[in-house]
Amino acid sequence: DGEVVLMVATLLLTFLILVFSEVTPKVLGAAFPERVAYPATWLLTPLLKLAYPVVWFVNLFVQGILGLLRIKQPDPGQGNSLGLEELRTIVLESSSRMPREHHRILMNMLELEDITVDDVMTPRNQIEAIDIEDDPERLRQQISTSHHTRLIVQQGSKDTLLGVLHVRRVLHALTGDELDPETLKENLEAPYFVPAGTPLFTQLRNFQQGRRRLALVVDEYGELQGLVTLEDLLEEMVGEFTTQAPSDMGYLRREADGSWLAEGSVLLRHLNRTLGLSLPLDGPKTLNGLLLEQFEDIPEVGVSLKLGDVPVEIVQTQDRAVKMARIYLPTADVGVGST
């Protein structure tokens, strides 16, 4: 009987110690870190000072044993560093404790290394450029009606780029007869080229160090692929800016029946962010590219298919590409206006 009582008492005491000395304090500390930590310092600080000689001796003894066994001790600061995935996990788990906007910005910041300039650039065929060989009247009209503060200047085609024009520098010439090719050339900035595949975080640092706001993206052969601006990078972090200028990400508008009318050139990242979709981003960058990849041909108007669980109908095709498509969301409202 005595052995049974001893065993029961041992188990009960172990249970009580685990609950009240181990589990409960940890749960309370995790739930109310500041409220628990500050009062606890009054008790823990004296205990720390009293136990310091014992702890020092134990650590010295352990270090001696490790030295005899030739076991290299890790750097004390190495265990405290967090990797990118660990930081992402912390932010995800803290989503309920911070404003939604703050959580979204933090997640966007952590994803910058996984996104390249190819994902956010304006494609070559959508770059607004002026041809220095055009007549002065056409140049004057194009510059005065442009929504952009900087324009690419070409000679004949985009294969012959002369530079970047800051519109503000030639405003004085728009009202007179001073706008000629020589005036434009005198006010050009040298084009700034970056290789395709450059991570956004790296490009953001390059913009900052070079005090630039616009870069031309080229492939391994030096061919122009697109254009990326500082605003494109900032929008990946904080969301789209309110602007009256046409969106470089492609036309996207909600219809009365709840469907969304999307231009083929709209970026898949923009669709995912705006409509809450999960379209693949490891292949084509635009809706047109994804549809052509799925169809393996130029689809006819009225043909439909599913991208995952999202029905998409071809509305218009032009020049061997999908010009417009209609997206039917499988879920209810997405509270976003037209862009």
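Any read-out appearing in this document is the output of simple, stated calculations on the displayed coordinates, not a laboratory observation. Nothing here was measured: the structure is a model prediction, and the numbers come from that model. Using ideal geometry, Cβ is built from the backbone for each residue, glycine included, and neighbour counts are taken over all protein chains shown.
Values for this structure:
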item	result
Cleavage-rule hits, trypsin sites (Lys or Arg not before Pro), the range 71-165, DSSP coil, Cβ neighbours within 10 Å at most 16	K72
Between the range 112-129 and the range 160-209, the alpha-carbon center distance in angstrom	17
Cα-centre dipole for the chain with unit charges at Cβ (Lys and Arg positive, Asp and Glu negative), debye to 20	1560
Intensity falloff of the range 83-228 expressed as log10 I(q)/I(0), Debye formula with alpha-carbon point scatterers, at q = 0.10 Å⁻¹	-0.48
Top of S146, S278, S96 by mean-square fluctuation, Gaussian network on the chain, Cα under 10 Å	S96
Farthest toward positive dipole pole in the chain [+1 Lys/Arg, -1 Asp/Glu at C-beta], among N206, L216, Q126	N206
For the range 252-327, the Rg and Dmax computed from alpha carbons only, in angstrom	11.2, 32
All-pairs alpha carbon distance profile, the range 36-134, 5 Å steps from 0, percent	2, 8, 8, 8, 10, 10, 10, 10, 9, 6, 4, 3, 2, 3, 2, 1, 1, 0
Pair-distance profile P(r), taking every C-alpha pair of the chain, with 10 angstrom steps and integer %	4, 16, 21, 18, 13, 10, 9, 6, 2, 1, 0, 0
Estimated FRET transfer efficiency when R0 is 45 angstrom, pair F32-V62 (beta carbons, to 0.05)	0.85
With at most 16 neighbouring Cβ atoms within 10 Å, loop chymotrypsin sites (Phe, Trp or Tyr not before Pro) (DSSP) excluded, longest segment of the chain	1-191
Selection of trypsin sites (Lys or Arg not before Pro), the range 244-328, meeting DSSP coil and at most 12 other Cβ within 10 Å	R320
Tilt relative to the chain, helix 33-68 - C-alpha long axis, 0 to 90 degrees, to 10	80
